[in-house]
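Inspection log for the structure reproduced underneath, given as structure tokens.
The values are calculated or read from the model by the stated rules, or taken from the named source; none is laboratory data. Keep in mind that what you see is a predicted model, and the values were worked out from it rather than measured. Backbone-built Cβ (ideal geometry, glycine too); neighbour counts: all protein chains shown.
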Amino acid sequence: MSRTDWNQIVYGKQLASAKSSHKKIFVTQKILASDLPEFIDIGWEKFKEYKNSKYIGIEKEKSTQEQFEDRIWLLFASMGFYGLNEENGIYISYDFNDEGLKERVSVLAVDDETVLVVSCHSSETIVEKSFATDINSLSDKITGLRKEILKQFPGRKIKFLWASHNFIMNRRDLALLDKAGMAYFSDTTVEYYTDLAKHLGSCSRYQLLGSLFANQEIKNMDDRVPAIQGKMGGYTYYSFSIEPEKLLKIGYVLHRSEANKNMMPTYQRLIKKKRLQEVRAFINGGGYFPNSIIISIDTNKKGLVFDQSSTKVSSTISKIGILHIPKRYRSAYIIDGQHRLYGYSDSMYAETNTIPVVAFVDLDRSEQIKLFMDINENQKAVPKSLRVTLNADMLWESSDLGEQRQALRSKIAQMLGEEATSPLNSRIVIGENESTVMRCITVEAIQSALKKCKFFNSYGKKNLVQKEGTFDCGDNQDSCNLFYPFIERCLLYIRETCLKEWDKGESDGGILTINRGIQAVIRVIDDIVNMLVDKRMIQPKNQELDDMFGLIQYYLKPLTDYINNINYEQRKDLRGYFGGGADTRFWRAFQKVIADMRPDFNPDGLDDFWQNETKIYNEETKEMLNSIHTKIKLLVSGRLSEYFGDSWLIKGIPKNIYTRAKGEADEAMYTYVSNTGKEIELSLWDYVTIPECKQIVLNGKNWSLLFEDTFVRPEEEKLVGGKDPKTDWMLKINSITNKLTKDSYSVPVDEYSYVKSIYDWLMGILI
């Protein structure tokens, strides 16, 4: 058996042809028509007939694994790797004593300086799985694989990657990957680089290589540039011009994404495709940007070599000379000007133009953030979610302990969205991530929930502790190390027991993995912890997580049962609340379902809330109903008086209504005069009810002559049954009005919405 078949690596036109194959979701085949039943049994389908009926075309959708391998293959092709395996997978020899021992590699990508070796693993649904055996097996073969690859591609840097789709990787497996020197590509990482490749084209490869080969040398690169050395803000800086293609190689943008989470704090906005296209078109049209790109060169505190010129100007502290820039991947962090720099990617001027640069040396990440924020302070380009996380990074070691805890809450929120083991991984909008139906929870929402909880200390003036937190250890990092595994464990329990609801996100009326749902869950967990701490049943700061989680789970179970069995009306009720009151409504609803099953759980204010505070729509509904009543009376009286003249009260109103209303008006007038001794004139019209208004509207020819064109709601014009059901809205309005006379009644959202629709319609009708 031969060693590795390197002819499977394709280049140029063959690579372009292979792209079309990897883009296809279906595989096709021409077979004998008589063999069709056999192929149908194994998942193939007929899709084409030939002139020669002896043959037939069949197709089959690629497996989830094949489609994921295609996605990774296409990603590296779009990044400018010019050599890739033609088919899905390539078998590479790893034992020089036994040529038959080979390892299947999902994707192998080659450029002039590097080789990427990718092992892909995919699942149709999100699952947890241990890959310890597989990782250890591959790890044992890496040395042999590396030697075999270097024989074919000498002098290249080699990196092994583990890419997974729909798998939750545990910490042990991630540690094994790290030990083996393998990089891990999660779904979020793949998504980040895919978006980047769409925007940057082949130059996105340098961002990837900067991450995989950080601080490793870039061969055949001239590292010398003429420069001016100066001082600014207490920092040494260098001003110079450089060819964009050189800066592209060493540059790195600290985008806020999972791909860069180990480099926290990160601060940059993701490059916008439209903006980049505009910049590139401007450059290719002969345009240029005279303002400098701001960078920080990372030397690992070793400093830069600067060959000062013998020519000096005595009247300035600035110096001129030759600067030796690092020729290493990820040695220059782009603080400002990423669009200007990457506008040169795939540009005809990338090697022939130069761009002005101001380079600081070894700026602390916090200083980079401050500089970035100062530059962009008045620009709309910095989104709120990114600004929140940046501010938190800068506050981590603030002298104000309250600000430190603010940073801690933000860190917890980010970890929940980025940690591979978190059930909310890729479900929280962080930095530049786009919101989706599934990624719909904001950092701000989790921060807000944590701020309302008692997990961490609260501080007053002079950093004095006002309230001691249940998980606060006095130090941000220690508190984080204690609390994060706890909240992750709690959320994992809820995800595992409520998986169907958990996976809904914003879709299908989801109530759990949305801002209000997760906020309510976090606050309820806090309520449970506070109760158990008060009863001295748990000690979070001195007790192992496993020892106290059983009690936490006992009180969470009624909530998970409720979520799993929630009916349509309950779901509609929860989702129907708007404004700030909705957050509280979710939280109190979750508290109540636990309290109903666990009587010892009775958080402060719960009973009062259900008695009083659910009436969030009552006052607004009352105001709208009053206006609706007035408008109905004005419309009816106005049309009647216009048609019947001064005698409209007699000619336009049925006798029984006239008699009843007049009797009530006379009685009211008699009572008033008797009690006050003052004369008063009361109109019987004031005592005509809304249901009676309906009778008047429908009475005799009133309907066809006066009211048919006015009193039918647009959405009920085609309602069957005639004039009576088309005017039932007046009876519904009257019913809601009567309900609101009871102090205990709370207007539900459907009634509020109905009243508002009537109000909006009637207020647009001219009297």
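Here are the numbers:
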{"item": "First in region 708-733 and under 16 Å from Ile628 (Cβ atoms), second anywhere and assigned to a loop (DSSP other than H, G, I, E, B) and of a type in the set (Gly, Ala, Ser), Cβ under 9 Å, 6 or more apart", "result": "none"}
{"item": "Failed item in (1) closer than 27 Å to Asp187 by Cβ; (2) at pLDDT 90 or above, with Ser17 passing the rest", "result": "(1)"}
{"item": "Only listed residue being within 17 Å of Thr497 (Cα to Cα), among the β-branched types (Val, Ile, Thr) and outside any loop (DSSP other than H, G, I, E, B), chosen from Ile552, Ile566", "result": "Ile552"}
{"item": "Number of the condition not met by Lys504 [criteria: (1) in a helix (DSSP H, G or I); (2) free of Cβ contacts under 8 Å to residues at least 40 places away in the same chain; (3) of a type in the set (D, E, K, R); (4) on the phi < 0 side of the Ramachandran plot]", "result": "(1)"}
{"item": "Count - residues of region 1-41 that are among the charged types (D, E, K, R) and not in a helix (DSSP H, G or I)", "result": "4"}
{"item": "Complete set of residues in region 637-669 that are within 25 Å of Glu679 (Cα to Cα) and loosely packed, with under 14 Cβ neighbours inside 10 Å", "result": "Asp646, Ser647, Ile650, Thr659, Gly663, Asp666, Glu667"}
{"item": "Residue check, Lys467 charged (D, E, K, R), free of Cβ contacts under 8 Å to residues at least 24 places away in the same chain and out of contact with any strand residue (DSSP E or B) (no Cβ under 8 Å at 6 or more places or on another chain)", "result": "no"}
{"item": "Residues (closer than 23 Å to Asp534 by Cβ and of a type in the set (Ser, Thr, Tyr)) located in region 430-479", "result": "Ser458, Tyr459, Thr470, Ser479"}
{"item": "Residue selected from region 471-495 under the condition out of contact with any Gly (no Cβ under 9 Å at 6 or more places or on another chain) and among the polar types (S, T, N, Q), by the criterion surrounded by the most Cβ atoms within 10 Å (Cβ to Cβ)", "result": "Asn476"}
{"item": "Hey, Gly210 part of a helix (DSSP H, G or I) and either under 22 Å from Leu161 (Cβ atoms) or touching a residue at least 12 places away in the same chain (Cβ under 8 Å) (or both) or not", "result": "yes"}
{"item": "Helices (runs of 4 or more DSSP H) contained entirely in region 638-724, each with at least 2 residues that are β-branched (Val, Ile, Thr) and at pLDDT 90 or above", "result": "655-676, 690-698"}
{"item": "Residues that are part of a helix (DSSP H, G or I) and either in contact (Cβ under 8 Å) with a residue 24 or more places away in the chain or touching a Lys or Arg at 6+ places or on another chain (Cβ under 9 Å) (or both), drawn from region 734-754", "result": "Asn734, Ile736, Thr737, Val749, Asp750, Glu751, Tyr752, Ser753, Tyr754"}
{"item": "Yes/no for Thr133 being loosely packed, with under 15 Cβ neighbours inside 10 Å, closer than 17 Å to Gln67 by Cα and under 36 Å from the mean Cα position of the chain (by Cα)", "result": "no"}
{"item": "Strands (runs of 3 or more DSSP E) enclosed by region 42-153 - at least 1 residues per element that are of a type in the set (S, T, N, Q) and touching a residue at least 24 places away in the same chain (Cβ under 8 Å)", "result": "83-85, 90-93, 114-128"}
{"item": "Which numbered condition Phe483 misses (of (1) assigned to a helix (DSSP H, G or I); (2) touching a helix residue (DSSP H, G or I) at 6+ places or on another chain (Cβ under 6 Å); (3) in contact (Cβ under 8 Å) with a residue 60 or more places away in the chain)", "result": "(2)"}
{"item": "Checking Val279 against (1) part of a helix (DSSP H, G or I); (2) surrounded by fewer than 16 Cβ atoms within 10 Å (Cβ to Cβ), the condition it does not meet", "result": "(2)"}
{"item": "Condition check for Lys694: surrounded by 17 or more Cβ atoms within 10 Å (Cβ to Cβ) and of a type in the set (D, E, K, R)", "result": "yes"}
{"item": "Region 207-253, residues that are touching a Gly at 6+ places or on another chain (Cβ under 7 Å) and modelled with pLDDT under 90", "result": "Tyr252"}
{"item": "Positions within region 554-570 being of a type in the set (A, V, I, L, M) and either out of contact with any helix residue (DSSP H, G or I) (no Cβ under 9 Å at 6 or more places or on another chain) or under 11 Å from Cys490 (Cα atoms) (or both), in sequence order", "result": "Leu556"}
{"item": "Total residues in region 159-191, condition in contact (Cβ under 8 Å) with a residue 40 or more places away in the chain, surrounded by fewer than 19 Cβ atoms within 10 Å (Cβ to Cβ) and closer than 18 Å to Ala214 by Cα", "result": "3"}
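A quick yes/no check of all residues on (1) among the hydroxyl-bearing types (Ser, Thr, Tyr); (2) at pLDDT 80 or above; (3) in contact with a Ser or Thr (Cβ under 7 Å, 6 or more places away or on another chain):
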| residue | (1), (2), (3) |
| --- | --- |
| Glu258 | no, no, yes |
| Met264 | no, no, no |
| Lys274 | no, no, no |
| Val279 | no, no, no |
| Asn284 | no, yes, yes |
| Gly287 | no, yes, no |
| Ile297 | no, yes, yes |
| Leu304 | no, yes, no |
| Asp307 | no, yes, no |
